[in-house]
Every structure is written in C-alpha cells, then in structure tokens.
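Written out below as structure tokens is the structure these notes cover.
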Amino acid sequence: MKKITVVIVGMGFGKEFIPIYQQHPNIEAVGICTRNPETLLELKEKFNLSDDLIFTDFEEVVKREDVDAIHVVTPVPEHAKMTLASLNANKHTACTIPMAMTVEDCKAIVEAKRKANKVYMMMETALYTREFLYGLKLAESGQLGRIQFVRGSHIQDMSMEGWAEYWKGYPPMLNGTHAISPLLRINNTLAESVVCHGSGRLSEDLAKRYNSPFAVETATFKLKNSDVVAEATRSLFDVVRQYRESYDVYGTKMSFEWEQLQDEEHVIFDGGENASRIDVPDTDDLLIPEIASFTKREKIDDPNHVSFLQGAGHGGSHPHLVQEFVAAIVEGRDSAVDAEVAANYTLAGICAHESAMKGGIRVEIPTF
C-alpha cells in the first residue's frame, strides 16, 4: 500500500499530533487545517509543512483527492458535521471525543462509515493512557480474577480560562466517554441501558445555556453479557476539586484504584488488608520505535495548553492513537474504537444525561 497523507483539522491540542504522524513510517505527508492564518503560518514553519497541505477552509481538505485521511480535533459541536463530510468524501477518518452530540448523528456516522468502507476511529485518550493499559493487562492476564465492579470519574473545572464558550453549562454526561469507555473496555463489552441521577445545581447563568441544571451527574450502566454494574460520575462546573479522570476496578484476586491526587501514585490491593502504591510503567514498549518517545510528558509541544494543565498530558496516549489509526488503514481492518463501538461509548453518556433529566428513569441505549 502506498503511504498515507493525513490532514489534522483543529490546532488546539491537535498540533500535538503533527510530529507523531511525521515520524510514523507509513505516513507520506502531514497537513493541517485551522481558521487562524497566524497559527497556520507559525506551525508551517515550526514543523516544516508543505505549502500545498496547509488549509484555512475544511471544505478544501475534503475535496483533495490526494488526502487519504482526516483527523478531526475541533470543538465538540463540529465533530459530527466534519466526520460525515470526511467519510462521505471517502476519507479514512479519526475524530476526538465524543463521536457526536445526538443519537441521530451517531447513527448517521455509523451508516456513513459502512457506506464508505473506510476506517473510522474515535480517538479516546482514556483507553490508551499508561494507567488504563496497565489495568487492562491485569484484567486480560487474569491477575484481577473475576471483575466484580468498575467505577469511573471525570471531574474538571471548565471555568478555567482557556476553554471555549460552548463549554459553559455543558451537561456533564452529554460528553461522558472519558469516564465511561474504560469501564466498558476493561470488561470487553458494551453498555445496554443506564440509570442516571443529577445532583446539585449550577448557577442560573450556566444552567440556562443547555437547560441543564445539574452540577454533577452519576450513572450506573447495565453491561451486555455481564453481571458487572459500571458506575460513572462527571462534573464540569461549580464543584471544587483538582482535575481527576479516573477508573477503579475491583476483582476477586486484585483491585486497582486511581490516585486521589495527581502524581500521588495509584493503589493495588492484592488480598486481606494488603495495599501498596505503584508507579505505573510507561507503555513505550507497545509502540513502534519511531514514535515510542511520544508517551513522555516532556514531548508535549504546548504544556501550557488548557488540555494539559488539566489532565497530565493525556497519560501518554497520543502515539497509541496514531499507531492504531494508521495500522487499521494499512492492514485494511476496523480500528479498535470503530464507529459502532464509538457510538455505544458516546450514546452511553447521551442516554445517561437523558435519564438524569427525566428523573432517573432507565434508558435503553440504541444499537445500530
């Protein structure tokens, strides 16, 4: 197969992916698209990008026959529109989370992916952090024993300067994939239904923006072919806490709990009252040599970007995302977070918010 030309759309934390793609041996060329001409020229010089592959108009990217793949890293409200445009133009398509904001758009993306017969991947960082990959290895090797319960959280102060205006008042579970997807993946299953409760109240200014009053939403999910219940909690405003994007997993032989404070170290329980803190190992050994170094925090290009001031560099996940997306294209297979899986992860959160707004009724999660 010929090498791949990819264009990254959105230069917030999207620019972090430029050097990773550039170092990947199956990439022919890397382009970028941003509406800001100054950013475009700055990054063109910094990363030695071709004049022919820098864009301020997304529509021009879609039209280009020599562009094989598009990686969307734009604001959430644009995800569905851009993903559909890319797939409908027969491009391999990666998109940051969530897949979309509505059931209808998730369904449309699943259908567009099938019709295009191209690779789609939701670039969920939470599934490729060193912390999650460590726990997944414990599960798949049998060291946890039988999983009995899983819990996830994503608690964040999005009133912090640097977040886009559309985030203000954003319903917590409407974009719940960071808290939900690790719980489903470690059980190797999907969510079937959800009961969710809202807690607390947002300030009036925030609540009216999405007609969503809750400061916190907590959901419990029934999992397909499993007796495990998954619990996830999310808050974005009017709750005081250091950033936490976590998962806990409890088994019959061993349990793993996420650290309470950043860099405090996680905890392993392995029987009786035994507990020990662990420094989770890096995951560079799971990557091809050319991009293995990008798991390190010091490789973050802009550590002052708000995405990294909160979130500790996404747990070294970026090169794993690139490796899986490119490998799926080269090998002619679905990605690990294909459209149907991504739809379930995304709809689990959308349906959780619906449940909270309807007083905690059980909501079945659509399947396509």
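The values are calculated or read from the model by the stated rules, or taken from the named source; none is laboratory data. What you see is a predicted model, and the numbers here were worked out from it, not measured in a lab. Virtual Cβ from ideal backbone geometry, glycine too; neighbours counted across all protein chains shown. When the accessible area is computed, the model is the full protein with side chains, heavy atoms only, and any ligands, DNA or RNA have been set aside. Shrake-Rupley method; radii C 1.70, N 1.55, O 1.52, S 1.80 Å.
Out of (i) 159; (ii) 215; (iii) 138, which label holds the value of volume of the Cα convex hull per residue in Å³ that was computed here?
Answer by label: (iii).
Roll a 1.4 angstrom probe over the protein heavy atoms and tell me the percent of accessible area of the chain that is carbon or sulfur. Each step should come with its number before you reach the end.
Values: 7500 of 15820 Å².
In the chain, the share of accessible area belonging to carbon and sulfur is 47 percent.
Between GLN22, VAL76, GLY360, whose Cα lies farthest towards the positive end of the dipole of the chain when Lys and Arg beta carbons carry +1 and Asp and Glu beta carbons carry -1, centred on the Cα centre?
GLY360
Give me the dipole magnitude in Debye, nearest 20, for the range 207-251 about the Cα centre, with unit charges on the beta carbon: positive for Lys and Arg, negative for Asp and Glu. Write out the running numbers ahead of the final one.
Values: 7 positive and 6 negative charges, 50 e Å.
Dipole magnitude for the range 207-251 comes out near 240 debye.
Relative contact order for the chain: what percent, with Cα pairs under 8 Å and sequence separation of 6 or more? Kindly include the intermediate steps, with their values, before the conclusion.
Values: 792 pairs, mean separation 76.1, N = 368.
21 percent.
Kindly rank 260-270, 60-70 from highest to lowest mean number of other beta carbons found within 10 Å of each residue. The partial results should precede the final answer.
Working: 260-270: 13.1, 60-70: 17.3.
Listed from highest to lowest mean packing, they are 60-70, 260-270.
Could you sort the peptides 120-132, 356-368 by per-residue average Cβ neighbour count (10 Å cutoff), highest mean leading?
120-132, 356-368
Once you place label points 7 Å from the Cα toward the Cβ at TYR210 and GLU42, how far apart are they in nm?
Simple spin-label model gives 2.9 nm for this pair.
Which is farthest toward the positive dipole end of the range 148-297 among ASN274, ALA232, LEU202, measuring Cα position about the Cα centre, with Cβ charges +1 (Lys, Arg) and -1 (Asp, Glu)?
LEU202
Pop out the ³J(HN,Hα) list for the range 128-133 in order, Karplus 6.51 cos²θ - 1.76 cosθ + 1.60 with θ = phi - 60°, rounded to Hz; leave Gly and Pro as x.
For the range 128-133, the Karplus-derived couplings read 10, 5, 4, 5, 6, 4 Hz, x marking Gly and Pro.
For labels at ASP227 and GLU290 in the simple 7 Å Cα→Cβ model, what's the distance in nm?
4.8 nm
Within straight cross-link reach of LYS2, meaning Cα distance under 18 Å, which lysines are found once same-chain residues fewer than 8 apart are removed?
Hits, sequence-local ones excluded: LYS91, LYS118.
Using the crude model of +1 on Lys and Arg Cβ and -1 on Asp and Glu Cβ, and no other charge, please compute the dipole size for the chain relative to its Cα centre, in debye to 20. Could the numbers behind the result be given before it?
Details: 37 positive and 54 negative charges, 200 e Å.
Its charge dipole is roughly 960 debye.
Would you mind checking the range 104-147 for residues with the amide N under 19 Å from a putative spin-label position 7 Å along Cα→C-beta of ASN188?
127-128, 132-147
Percent relative contact order of the range 82-221, based on C-alpha pairs within less than 8 angstrom and at least six residues apart?
Values: 152 pairs, mean separation 28.8, N = 140.
Relative contact order, the range 82-221: 21 percent.
What fraction of the DSSP beta bridges in the chain is antiparallel, stated in percent and rounded to the nearest 5? If you can, show how the numbers build up before the last one.
Details: 34 of 60 bridges.
Here the antiparallel bridges make up roughly 55 percent for the chain.
Skipping prolines and chain starts, which residues have an amide H placed within reach, meaning under 5 Å, of the one on ALA94, given they are 5 or more residues away or on another chain?
Sorted by chain and number, the residues that satisfy this are ILE70, HIS71, VAL72, MET121.
So which of LYS15/LYS224; LYS224/LYS253; LYS3/LYS115 end up more than 30 Å apart by C-alpha? Intermediate results must be reported in sequence, preceding the final value.
On the way: LYS15/LYS224 37 Å; LYS224/LYS253 23 Å; LYS3/LYS115 23 Å.
Beyond 30 Å between Cα atoms: LYS15/LYS224.
Once you have the Cα-Cα distance between LYS168 and LYS63, take 0.36 nm times their residue separation minus that, and quote the gain in nm to one decimal.
Details: separation 105, 0.36 × 105 = 37.80 nm, distance 3.38 nm.
So the extension gain works out to 34.4 nm.
With a point put 7 Å past each Cα toward its Cβ, work out how far VAL240 is from GLU28 in nm, to one decimal.
Between VAL240 and GLU28, the label points sit 5.6 nm apart.
Just going by the charge dipole of the chain, with Lys and Arg at +1 and Asp and Glu at -1 on Cβ, which of PRO319, ILE32, PHE58 is farthest out on the positive end?
Of PRO319, ILE32, PHE58, it is PHE58.
Calculated from DSSP H runs of 4 or more alone, at -39500 (n - 2.57) each and per residue, what is the 222 nm mean residue ellipticity of the chain, nearest 500? Working shown, then result.
Details: 11 runs with 112 residues, N = 368.
Calculated mean residue ellipticity at 222 nm is -9000 deg cm²/dmol.
Could you report the chain's accessible area per residue, 1.4 Å probe, as an integer in Å²?
Details: 15820 Å² over 368 residues.
Heavy-atom SASA per residue in the chain reads 43 Å².
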